[in-house]
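Read-outs: derived from the displayed coordinates by stated rules, not from any lab. Remember, predicted model here, so these are calculated numbers, not experimental data. Don't worry about glycine lacking a Cβ; one is built from the backbone with ideal geometry, like all the others, and counts go over all protein chains shown.
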Amino acid sequence: MRLITHNMLSCNIKGVTNGYPLGIEASRLETKESELNPEFLRKIFPKLEWKALRDAAHSLGLNDLPEHVEPSMLEDADFLKNFHHALLEVHLEEGALICPETGRRFPVTKGVPNMLLNEDEV
Amino acid sequence: MWYLCYFLHRLLDYRLPEVEALAKLYGFSEGEKPGQGLQWKQAPAHHPDSPFYYVFLPNEEVAHKIVSRSLLLKGMYEVWGEGNSKEELIEAVSSYPEERKAPYLAKDHTFKIVVDRFGKVLSSSEQKACIESIDYVPFQGQVQLKNPQHKFWLIEIDGQVVNNGLPPLEGKHMYFAREIGAGDRSLVSKYELSRRKYLGPTAMDAEIALLMATQALVQPGQLVYDPFVGTGSILIAAAHFGALTMGADIDIRVVRDGRGPDCNVWSNFKQYNLAPPLGLFRADNNMPPWRNNVSEIFDAIICDPPYGVRAGGRKSGGRKMLNGKRDAYIIPEEMRKDHIPSTAPYTLEECVHDLFDMAARLLVMGGRLVYFFPAARDECSETHFPKHPCFTLVSKSEQILSTRWSRCLLTMEKTQRYSTEEADCARDRHLEFKENHLQILQASKEKGNLHSVVFTPSGGAAGPHLQEQYGANGQTNQESRPKYRGKYV
């Protein structure tokens with residue numbers, strides 16, 4: 001699971017109002033290089049929750065993302081490189097996503113988060 | 001400029017929408033004034049399933065781009081003349097403007113003549129005779145059979161022959177035309193399912209998946225989502241056209257495990273050297289785990305919803321609980337870790353409602369939702385298709401599956417922003433579905449949804465209106481449909 005997926009998912013257990021962002025418990029991370037596509041990064045940037053991305057990256061030991069961002073930074077090659085790396089190149093292979101309100105663990109195995117709810121959560 | 005389209009005799013309903021979608025992809029669809037955009041024209045004696053159509057396009061460049069990416073076009077042509085007899089053809093070709101012909105006939109150019117008689121294979125001596133009879137075009141260039149600069153076609157229609165069961169086209173008719181480009185079907189064999197490593201029972205046929213991606217106007221750099229991803233066959237087609245993809249499925253064995261480390265959704269993308277999906281996750285489309293404020297992120301959503309013929313739809317929550325046969329579940333803490341949540345049947349109505357609500361929220365403006373919808377053979381019309389205030393229907397293509405059932409490929413464009421009213425309305429519908437789960441299931445059985453009809457013995461509990469339609473023995477009225485229509489036609 002890349003952080004781009006993490007950025008879009010939340011805990012949707014019935015009654016939970018504050019299920020975002022999900023905490024990350026990482027037991028195995030992998031870095032897979034991929035081609036940098038500045039156009040895609042510029043396009044996806046306004047759709048992201050920056051704080052959630054930055055905090056998630058931080059929790060995985062990636063400290064290169066600035067706390068405050070503005071669209072003009074998308075022209076900066078270094079920023080794009082770090083942004084690309086955090087968003088698309090780091091994969092959570094094994095671990096879990098944790099609901100900030102209930103502490104419910106959504107397991108991530110083989111890079112696939114399991115977001116299905118139990119019967120008493122729907 | 002009008003160009004002649006010569007279509008293959010395949011997937012008849014998909015042919016015009018494919019050209020329309022490609023035209024839009026290459027920047028030409030609605031003109032500024034009426035009569036300027038893409039238009040279709042057919043000779044009066046032709047029926048709608050005829051392989052010959054004229055299409056109005058702005059220029060040859062667009063026409064060439066369209067035909068080069070088309071799967072269902074045999075070729076596209078600039079017609080120099082046509083007629084019902086050789087004399088009429090000669091007359092028409094010689095009165096075609098000289099300045100349009102001369103550049104292709106000049107001395108230093110190479111060319112080739114192709115003779116085609118619709119529905120008939122000509123022997124080489126017949127072809128030779130036909131080619132020699134073209135003495136009314138002053139060719140000056142060199143004949144070159146391999147990779148000529150220009151290809152000229154003599155297309156003949158013999159009105160007497162019944163081709164592929166098609167009604168006879170008209171009397172004898174002939175076209176003399178210059179080829180703009182030919183369709184290329186190499187993609188279809190490249191992505192053929194029989195060569196795919198990881199397959200499921202409902203993997204989408206490669207040709208249809210590619211056509212779906214075209215309908216969705218997939219372009220490089222776009223983000224495409226499939227909420228019922230399965231083995232990824234639809235996203236593979238989207239990735240081929242350069243899209244970045246995301247997929248979800250409720251069946252975790254399919255998305256996570258596949259059949260081993262080298263036989264899963266990821267390996268399917270690797271097999272073709274395509275960019276792997278940006279993300280795969282397990283989720284229930286009935287209760288999608290998107291963060292609240294996520295909106296307008298996908299350029300297209302392409303899917304084949306599980307409507308219950310080969311794979312029934314499932315959603316979260318135990319069947320017994322939703323039916324009211326048992327109390328709400330409470331899973332003890334020590335059991336939680338390995339608990340496998342049970343699922344309940346997911347009706348077509350609910351599935352489509354959830355799909356629309358998700359797509360209305362997550363598609364960009366102008367983004368397309370392309371999906372299959374099941375229909376009885378004679379119900380494949382707009383009145384039976386689901387509607388949503390945020391979407392406009394762009395095209396519908398029927399694919400016949402059996403004597404009774406078809407599926408329609410529906411292409412819808414998001415033309416209205418998702419508003420709070422729609423969100424509220426969607427939530428109300430959601431609660432309503434949840435409360436009335438049992439009644440809805442019962443009602444959908446009575447209405448004769450696909451699953452219950454297909455798997456009920458004929459004449460059984462197929463629902464009153466279906467029995468009426470198909471008679472007691474479940475046979476449809478044979479005369480109401482043309483004989484030549486079949487699964488891939």
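Just need the relative contact order of the range B:192-435 here, percent rounded to a whole number, with Cα pairs under 8 Å and 6+ apart.
Here the relative contact order equals 17 percent.
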Dipole magnitude of the protein assembly as shown about its Cα centre (Cβ charges: Lys, Arg +1; Asp, Glu -1), debye to nearest 20: 1440
Taking Cα pairs closer than 8 Å and at least 6 residues apart, the relative contact order of the range A:3-114 in percent is 37
Leading residue at positive end of dipole, the protein assembly as shown (Cβ point charges), from B:Thr411, B:Met76, B:Gly171: B:Gly171
Can you give me the relative contact order of the range B:2-184 as a percent, contacts being Cα pairs under 8 Å and 6 or more apart? 27
Residue-span extension gain [B:Leu145 to B:Leu199] - 0.36 nm each, minus C-alpha spacing: 15.3 nm
Restricting to chain B, what percent of DSSP beta bridges are antiparallel, rounded to 5? 65
Determine, from the Cβ-Cβ distance of B:Tyr484 and B:Ser124 and an R0 of 25 Å, the FRET efficiency 1/(1 + (r/R0)^6), rounded to the nearest 0.05. 0.30
Which whole number in µm²/s is D for the range A:3-114 by Stokes-Einstein, with the Kirkwood Rh taken over Cα pairs at 20 °C and 1.002 mPa s? 147
Going toward the positive end of the dipole of chain B, with +1 on Lys and Arg Cβ and -1 on Asp and Glu Cβ, which of B:Tyr371, B:Phe52, B:Pro341 do you reach last? B:Pro341
By counting other Cβ atoms within 10 Å of each Cβ, how are B:Asp357, B:Asp257 ranked from fewest to most? B:Asp257, B:Asp357
Sorted by average packing, counted as other Cβ atoms within 10 angstrom per residue and highest first, what order do B:185-198, B:399-412, B:46-59, A:38-51 take? B:399-412, B:46-59, A:38-51, B:185-198
Taking 7 Å along the Cα-to-C-beta vector as the label spot, tell me the B:Lys325-A:Asn63 distance in nanometres, rounded to one decimal. 5.8
Distance in nm between label sites at B:Met335 and B:Glu296, each 7 Å beyond Cα in the beta-carbon direction? 4.6
With a 10 Å radius around each residue's Cβ, average the other Cβ atoms per peptide and rank B:301-307, B:77-83, B:416-422, highest first. B:301-307, B:77-83, B:416-422
Length gained, B:Asp108-B:Ser342, 0.36 nm per residue minus C-alpha separation, equals 76.9 nm
Using +1 on the beta carbon of Lys and Arg, -1 on that of Asp and Glu, and nothing else charged, what's the dipole of chain A about the Cα centre, debye to 20? 260
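Quick check for me: using +1 on Lys/Arg Cβ and -1 on Asp/Glu Cβ, what's the dipole size of chain B about its Cα centre, in debye to the nearest 20? Can you show the working numbers first?
Working: 58 positive and 59 negative charges, 296 e Å.
My answer is approximately 1420 debye.
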Report, for the protein assembly as shown, the % of DSSP beta bridges that are antiparallel, rounded to 5. 70
Could you state, as a whole-number percent, how many of the C-alpha pairs of chain B are farther apart than 30 Å? 55
So if the hydrodynamic radius of the range B:2-184 is defined as the Kirkwood radius over C-alpha pairs, what does Stokes-Einstein give as its diffusion coefficient at 37 °C and 0.692 mPa s, in µm² per second? 191
Which one of B:Leu25, A:Gly111, A:Asn37 has its Cα pushed farthest toward the positive end of the charge dipole of the protein assembly as shown, where Lys and Arg give +1 and Asp and Glu give -1 at the Cβ? A:Gly111
Within 10 Å of each Cβ in A:14-24, the average number of Cβ atoms from other chains: 1
Estimated distance in nm for a label pair at B:Thr383 and B:Ser133, the labels positioned 7 Å out from Cα along Cα-to-Cβ: 4.9
Quick calc, B:Gln42 & B:Gln219: beta-carbon distance into FRET formula, R0 22 Å, rounding 0.05, result 0.15
log10 I(q)/I(0), Debye, Cα-only the protein assembly as shown, no solvent, q = 0.08, 0.12 Å⁻¹? -0.67, -1.25
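Could you sort the peptides B:340-350, B:241-251, B:89-99 by per-residue average Cβ neighbour count (10 Å cutoff), highest mean leading? Show your work: numbers first, answer last.
On the way: B:340-350: 19.0, B:241-251: 22.7, B:89-99: 14.3.
Output ranking for B:340-350, B:241-251, B:89-99: B:241-251, B:340-350, B:89-99.
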